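Notes to accompany the following structure.
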Amino acid sequence: MRIFVSYARVDKPVCHQVAQLLNIHEVWFDQRLYAGQNWWREILDRLNWCQVFIYLLSPESVASTYCRREFQIAVASNKAILPVLIDDKTPLPEELREVQYADLSKGLNDTSAVSSLLNSVYMMEKKLASENGHVETNFDVNQVEQITSPVINNNPDSLVARGVESMEKGKFDEALFLLKQAKEKETFRYVPWDELIAAAEDGLERQMQQKAVAREYNTIAELISRKVTRKIGCQAFQAFRREHPDYDPRNLNRQCTAEQISPPQSTLVIPPLEEKTLEMDTNGNENVVQRELLQEIPQGGDPRQSGGVVRDVDVVKTPPKTQPQRQRVFIPKIDWKFIPGDGTVQDFEMATYPITNLQFEAFIRDPLGYRNMRWWQWSSHARIWRQSHRPRYPRFKGDNRPRENVTWYEAVAFCYWLGARLGQRIALPTQAQWRRAAMGDDGYIYPWGNTFDREYCNSRESRIHATTDVTRYPNGTSPFGVLDMAGNIWEWCVDPAPGQRDGAHPNEAAQRAVLGGSFFTNHRKCRSTYDFYIIPNYYYGTIGFRVIRLLD
């Protein structure tokens, strides 16, 4: 049986699951890559082709212009309609309130709901078979275009205005629907369509990720709410917390504490990096044989100016009464590449690779590292954030994979710590410095040249769907020998978004630049010229950083 599935893109994971459930049938759903011409024509052809129309009902899909349009066309063409509720907060459209629907709002773990869906599809198939597969229809593609003319054939000016307005309201799926139509009319020569559509896709990806997290969480909450599955649910919640430590709207942690589920322990083992031996007294302080790092970082200090360095000061200190214990502190060993200035930036050195899991873990394990508040005093926002947060586990394990799940605050604090430990000026790069290292003298679009090659980096086109070792793509080197600057992970830069400044409250912090794209993004976002800004306390499994060394 031929099935068309209509869904909001934020519900794409559920759409894939439903399609997998129905894999004995011919199932089609719009992948919404938003590339190429006549994408709406393809949808119309598939609506003409299908026998059954499945509408995945969520707040986003019932508010979506294109989903409602697909539904109207299916109704007008006398298709068999099967609504499937996937979110119990969905306000049902009036025309569906009297229609029986399959309820998957508790997830695909609800076996009775899955059985109901499969049974509904079976009954439709049986009915079609009794009619010899023929259903009377009253439309063709031309009629569909007339039905949809209020949306599809609007004035290009209106389409652009409505698309931008939808972006401002956070309706990114609708924005893509409108902007794609406007682009295909080829009316405006100077509008940067790729950048405009990519910005809407970025917003949509964030919404999709947030909804996927909420869906995982709600499934775990359902397990915890049942006594018979509470222990299993709490174990699942501990795994969930490793990636999402700050997401707990229903306070599952309190419920699981009663079950005495211990918090997750790090499984990373830190082998020697570059060793620095310190004498530590019984209170964990450095002995007199070392000079102590005591100078405070000024409030509101600029990481670009200080380079993350806290200067040594001589301290007169009474020798400890007890024998000091010797403790090894491992300092990341950075491979540097010299980047010559070009008039816009001065000479500097950049790390050949992004900071890895192994290197960032050294910051966490150092007794005077992550937990030491002196590395967070450069900003009141950073200090407040640190007081209520702890480091998150990387989403992807492996010593030589880039460290992700890192906020901008943590990246800057790492620079202060490493700069002090090495006695060097370490910082995050500015956008200009990052692009100088990536683009070279010839202004390459990608670090290796002007033509994309998926063998040179880890982007969506690679279909790996995870980070890779930072040494995996030697052919993707920049003109100055820097690697992994396209794909794999977005890299934090120090710059705020244009026109933004930090407000008085942490929620008013300026967005910060990330460059380079990630394994999750398409090649357009891996271009060295692509700008993207996000809030500094945001973290995800696609965001990391690399450092630079400023020269005297």
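Each value in this text was obtained by applying a stated rule to the coordinates, not by laboratory testing. For clarity, every value in this text was computed on a predicted model and none was experimentally measured. In this analysis, Cβ positions are derived from the backbone assuming ideal geometry, glycine residues included, and neighbour counts consider all displayed protein chains.
Tabulated results
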item	result
For Asp469, Asp495, order by how many other beta-carbon atoms lie within 10 Å, fewest first	Asp469, Asp495
Electrostatic dipole magnitude of region 156-257 [Cβ: Lys, Arg +1; Asp, Glu -1; Cα centre; debye, to 20]	900
Tail weight of P(r) past 22 Å, computed on alpha-carbon pairs of region 390-474, percent	45
Label-point gap, in nm, between Ser112 and Arg371 - each point 7 angstrom along Cα→Cβ	5.0
Magnitude of the charge dipole, region 447-536, Cβ model with Lys/Arg +1 and Asp/Glu -1, debye to 20	240
Quarter of Cα convex hull surface for region 334-550, i.e. mean projection, nm²	11.1
Stretch gain in nm, segment Ser380-Arg189, where the contour uses 0.36 nm per residue and the Cα spacing is subtracted	64.2 nm
Region 1-133: Lys pairs at Cα distance under 18 angstrom, eight or more positions apart or on different chains	5
Fewest-first sequence of Leu108, Leu428, Leu368, Leu47 by Cβ atoms within 10 Å of each Cβ	Leu108, Leu368, Leu47, Leu428
Neighbour-count ranking [beta-carbon atoms within 10 angstrom, fewest first] of Ser380, Ser478	Ser380, Ser478
Calculated log₁₀ intensity ratio I(q)/I(0) where the Debye formula runs over C-alpha points of region 417-459, q = 0.19, 0.31 Å⁻¹	-0.70, -1.02
